[in-house]
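J.: Sharing a structure, written as structure tokens. Questions coming.
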Amino acid sequence: MKLVKSAFKSLLGNGLKTWLNVFVLSISFVLIILLQGILKGWSEQAIADTIKWEIADGQYWQNTYDPFDPFTLDSSAVVVPTALQKGVEQHLLEPQLITQASIYPEGRMQNVFLRGIRPDQQLLDILSGKLNTSGTEIPVILGAFMAKQTKLRLNDIVTLRWRDKNGTFEAAEIRVVGIFKTTVPAIDNGNIWLPLAKLQEMTLRPDCANIIVKSPAFQAKDIEGWKFQDVAKLTESTTKLVKTKSAGTSMFYFIFLLLAMLAIFDTQLLSVFRRQREIGTMVALGMTPRQVVWHFTLEGTFNSLLAFAVGAVWGTPLILYMVYKGVSFNMDANELGIAMADTMYATVTPTLVVGTMIFILIVTAIVSYLPARKIAKMNPTDAIRGKAL
Amino acid sequence: MINKDLNNQSFPSSGGVRGGVIVEVKNLVKKFPVGAGFFTALDGINLQFAEGEFTGLVGPSGSGKTTLLNIIGSLDVPTDGEVVVLGKSVGKLNARQAAQLRKEELGFIFQSYNLLPVYTVFENVEFPLLLLNMSADERKKRVLETLEWVGLSDKVNSRPAQLSGGECQRVAIARAMVKRPLLVLADEPTANLDSVNSHNILKTMLKLNNELKTSFIFATHDEKVIGYLKRIVRLQDGKVVEDVFAGRKTTDDGQQKMESSKS
């Protein structure tokens with residue numbers, strides 16, 4: 001306690017130098033929390049949106065289905081297994097049939113994925129209800145990004161060309177009956193949604209599906225020929241991407257932290273040199289050199305405590321703004337390939353704050369200790385005269 | 001200036017009877033490495049200091065007085081020989097034991113005061129008591145009593161930079177005395193002070209010596225200090241050349257002669 005009190009007084013006694021160090025350190029402190037909070041918020045938002053729009057409580061994939069290999073689409077389109085039929089009837093499971101096709105907006109050919117979905121499904125946020133329309137053209141809905149890419153607007157009619165299960169090319173007119181805005185690129189970019197039954201009829205694949213989306217109310221079970229992908233598995237790529245981004249961003253605050261640490265190291269070094277008499281006096285008064293090392297280490301470490309206080313003063317309003325108002329990066333999520341909302345909100349948890357504090361505290365303590373080690377090697381009699389270094 | 005009521009005040013004593021030899025120096029040799037060789041700062045010193053002495057180590061620069069003071073203060077160790085302070089052989093103490101000895105039994109006063117600059121007068125004087133883990137109430141009581149005794153009650157919240165040289169040295173005395181040490185080691189305590197302040201400081205220390213029987217050992221070549229000493233150990237080139245008590249004189253040939261008492 002005596003060391004703590006004494007070290008704190010000495011630190012404050014350094015005046016402006018202390019406060020400059022503290023301010024730089026507080027920038028690192030707030031920046032780490034802010035950037036990590038935004039990344040955490042992004043990750044949570046991306047996963048939540050993916051659940052709402054694409055995967056619900058998980059998906060059954062036909063064994064040969066590979067979302068990254070279009071050539072598996074034909075072989076993986078099989079009849080929904082009997083064991084899952086009841087769930088499908090109860091709308092606890094939503095089968096989706098996926099096939100390749102091409103459209104010809106403004107005379108240009110563009111490859112697309114046709115995705116059949118039941119118009120009355122409730123599992124996903126896709127506006128499938130709009131597919132419940134009658135007309136000569138096949139009703140389709142698409143995401144805003146896809147609409148922008150294909151220059152299709154509501155009620156536009158365009159030619160669709162596809163092959164049925166026998167490989168025969170067919171063509172028909174489709175009408176855009178809905179455009180939905182989503183942050184999940186996987187259901188937007190390159191996808192055209194149409195009624196499942198219609199797609200099954202068009203491809204001569206009655207009752208077939210490649211994937212089946214599961215509701216939380218349905219108990220997942222092993223089905224032969226199908227593999228269940230849970231939420232963790234399906235959002236793995238999102239989590240990994242955010243982690244990669246997090247590592248990249250950490251460079252940013254690492255530089256700030258480095259600056260702060262350099263300032264503290266420099267101050268500590270200067271302190272040890274300048275305050276030799278003080279060090280010698282402390283030893284003469286009954287402190288061991290090790291206690292004096294601790295004293296100086298504590299003194300340096302207290303920079304971080306002050307930085308937490310200063311950071312809290314100016315950083316709290318900023319962090320609260322990011323948590324409740326968010327920030328818009330003005331980027332299209334589809335270009336990034338990961339779910340990303342127009343406005344991103346920071347998620348700041350006590351764990352993040354406390355974790356950052358502990359991290360900074362440890363780094364500061366190490367940086368403060370390194371110059372203070374010299375004290376242990378000082379001859380106290382020389383130190384008293386200010387001639388130990 | 002020292003409090004004019006100084007002579008009428010009584011220093012708060014820790015009590016207890018004191019007496020006997022508190023420092024014994026036996027064949028002390030201290031060498032410092034210089035280039036490829038060594039410089040002998042102390043060469044076969046033999047001395048004893050009894051409790052309650054007011055002794056000066058007197059000699060020119062380089063005679064070894066500060067080195068001897070540092071070794072007695074367990075801030076340095078002998079190259080050869082032995083120094084026993086309050087029953088503890090300084091050369092055999094580890095860092096923690098040496099610190100313990102300084103913390104509990106020794107007080108230091110330096111030429112440059114060596115006050116902790118960011119602390120107030122109160123905090124400077126309080127510092128040794130903090131190291132003794134004394135309660136806050138007891139610390140406050142002792143610090144205020146000691147500051148009153150050295151006449152600095154009105155400077156409690158001042159910082160060293162706001163004090164004169166004489167006031168700084170009085171703070172240093174208060175810091176050395178606040179824990180009631182058995183022995184105070186003072187290295188050129190008046191070297192940075194003018195004549196008036198020097199005499200006041202010396203009167204203060206002499207009063208402490210008389211009232212508490214606290215032993216003082218000075219390293220000095222200041223004639224003003226010499227006039228107050230009860231014993232003078234004169235050093236030259238690392239050797240004791242004269243050891244004068246207030247009533248007798250022991251020369252380096254071992255003979256004792258009577259001397260007049262200093263006043």
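J.: Those residues that are over 18 Å from the mean Cα position of the chain (by Cα), among the hydrophobic types (A, V, I, L, M, F, W, C) and closer than 15 Å to B:Thr204 by Cα, I need them from region B:150-186; list them, please.
T.: B:Leu152
J.: Further, regarding this structure: Run down B:Asn133, B:Asn124 and say which single residue is over 19 Å from B:Ser74 (Cα atoms), open to solvent by 20 Å² or more (accessible area, probe 1.4 Å) and over 14 Å from the mean Cα position of the chain (by Cα). I'd like the intermediate steps shown before the answer.
T.: On the way: B:Asn124 fails: open to solvent by 20 Å² or more (accessible area, probe 1.4 Å).
The unique qualifying residue is B:Asn133.
J.: In the list A:Lys243, A:Lys233, A:Lys227, which residue meets the criterion of being surrounded by fewer than 17 Cβ atoms within 10 Å (Cβ to Cβ), at pLDDT 90 or above and within 30 Å of A:Leu35 (Cα to Cα)?
T.: Details: A:Lys243 fails: at pLDDT 90 or above; A:Lys227 fails: within 30 Å of A:Leu35 (Cα to Cα).
Testing whether each residue is surrounded by fewer than 17 Cβ atoms within 10 Å (Cβ to Cβ), at pLDDT 90 or above and within 30 Å of A:Leu35 (Cα to Cα) leaves just A:Lys233.
J.: Which condition from (1) open to solvent by less than 20 Å² (accessible area, probe 1.4 Å); (2) among the charged types (D, E, K, R); (3) in contact with a Phe, Trp or Tyr (Cβ under 7 Å, 6 or more places away or on another chain) is the one that B:Lys230 breaks?
T.: Only one criterion in (1) open to solvent by less than 20 Å² (accessible area, probe 1.4 Å); (2) among the charged types (D, E, K, R); (3) in contact with a Phe, Trp or Tyr (Cβ under 7 Å, 6 or more places away or on another chain) is unmet by B:Lys230, namely (1).
Results for (1) over 19 Å from B:Asn209 (Cα atoms); (2) modelled with pLDDT of 95 or more, shown as yes or no for each residue.
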site: B:Ser112; (1), (2): yes, no
site: B:Pro117; (1), (2): yes, no
site: B:Glu123; (1), (2): yes, no
site: B:Phe127; (1), (2): yes, no
site: B:Ala136; (1), (2): yes, no
site: B:Lys141; (1), (2): yes, yes
site: B:Leu147; (1), (2): no, no
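J.: Out of the residues in region A:250-266 that are open to solvent by 20 Å² or more (accessible area, probe 1.4 Å) and touching a helix residue (DSSP H, G or I) at 6+ places or on another chain (Cβ under 7 Å), which is farthest from the other protein chains (Cβ to nearest Cβ)?
T.: The residue in question is A:Phe252.
J.: Now for a different question. Would you pick out the residues in region B:167-187 that are buried (at least 20 other Cβ atoms within 10 Å of the Cβ) and of a type outside the set (A, V, I, L, M)?
T.: Narrowing region B:167-187 to residues buried (at least 20 other Cβ atoms within 10 Å of the Cβ): B:167-179, B:181-187.
Within region B:167-187, B:Glu167, B:Cys168, B:Gln169, B:Arg170, B:Arg175, B:Lys179, B:Pro181, B:Asp187 meet the criteria.
J.: Now for a different question. Being closer than 20 Å to A:Glu299 by Cα and assigned to a loop (DSSP other than H, G, I, E, B) is the filter; apply it to region B:112-128 and report the residue that is nearest to the other protein chains (Cβ to nearest Cβ). Talk me through it step by step, then tell me what you get.
T.: Just the residues of region B:112-128 that are closer than 20 Å to A:Glu299 by Cα, to begin with: B:114-120, B:123-124, B:126-128.
Narrowing the set further to residues that are assigned to a loop (DSSP other than H, G, I, E, B) leaves B:114-120.
Working: B:Asn114: 4, B:Leu115: 8, B:Leu116: 6, B:Pro117: 7, B:Val118: 2, B:Tyr119: 6, B:Thr120: 9 Å.
For region B:112-128, the residue satisfying everything is B:Val118.
Condition check ((1) within 8 Å of chain A (Cβ to nearest Cβ); (2) open to solvent by 50 Å² or more (accessible area, probe 1.4 Å)) across all residues:
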residue: B:Phe54; (1), (2): no, no
residue: B:Lys65; (1), (2): no, no
residue: B:Leu68; (1), (2): no, no
residue: B:Val77; (1), (2): no, yes
residue: B:Val85; (1), (2): no, no
residue: B:Ser89; (1), (2): no, no
residue: B:Leu101; (1), (2): no, no
residue: B:Phe110; (1), (2): yes, no
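J.: Here is a follow-up. Among the listed residues A:Phe23, A:Phe29, A:Phe68, identify the single one that is among the aromatic types (Phe, Trp, Tyr) and more than 30 Å from A:Lys325 (Cβ to Cβ). Before you say what the answer is, go through the steps one by one.
T.: Values: A:Phe23 fails: more than 30 Å from A:Lys325 (Cβ to Cβ); A:Phe29 fails: more than 30 Å from A:Lys325 (Cβ to Cβ).
Being among the aromatic types (Phe, Trp, Tyr) and more than 30 Å from A:Lys325 (Cβ to Cβ) holds for just one of A:Phe23, A:Phe29, A:Phe68, which is A:Phe68.
J.: Right, next: Going by the structure shown, is B:Val196 open to solvent by 20 Å² or more (accessible area, probe 1.4 Å) and either hydroxyl-bearing (Ser, Thr, Tyr) or part of a helix (DSSP H, G or I) (or both)?
T.: Details: open to solvent by 20 Å² or more (accessible area, probe 1.4 Å): yes; either hydroxyl-bearing (Ser, Thr, Tyr) or part of a helix (DSSP H, G or I) (or both): yes.
Yes.
J.: Then there's this: Please specify each residue of region A:279-293 satisfying the condition of being open to solvent by less than 20 Å² (accessible area, probe 1.4 Å), within 8 Å of chain B (Cβ to nearest Cβ) and in contact (Cβ under 8 Å) with a residue 24 or more places away in the chain.
T.: The answer is A:Gly280, A:Thr281, A:Val283, A:Ala284.
J.: Among the listed residues A:Ala56, A:Ala101, A:Ala77, A:Ala48, identify the single one that is without any contact (Cβ under 8 Å) to a residue 24 or more places away in the chain, aliphatic (A, V, I, L, M) and under 30 Å from A:Trp226 (Cβ atoms). Even if it seems obvious, please write down each step before you answer.
T.: Numbers: A:Ala56 fails: without any contact (Cβ under 8 Å) to a residue 24 or more places away in the chain; A:Ala101 fails: without any contact (Cβ under 8 Å) to a residue 24 or more places away in the chain; A:Ala77 fails: without any contact (Cβ under 8 Å) to a residue 24 or more places away in the chain.
On inspection, the qualifying residue turns out to be A:Ala48.
J.: Out of the residues in region A:6-26 meeting the condition of being open to solvent by 40 Å² or more (accessible area, probe 1.4 Å) and hydrophobic (A, V, I, L, M, F, W, C), tell me which one is nearest to the other protein chains (Cβ to nearest Cβ).
T.: Looking at residues that are open to solvent by 40 Å² or more (accessible area, probe 1.4 Å) and hydrophobic (A, V, I, L, M, F, W, C), I get A:Leu12.
The values are calculated or read from the model by the stated rules, or taken from the named source; none is laboratory data. Because the structure is a prediction, the values reported are computed rather than measured. No Cβ is skipped: glycine too gets one built from the backbone with ideal geometry, and neighbour counts run over all protein chains shown. Note: areas computed on protein heavy atoms with side chains; ligands, DNA, RNA excluded. Shrake-Rupley method; radii C 1.70, N 1.55, O 1.52, S 1.80 Å.
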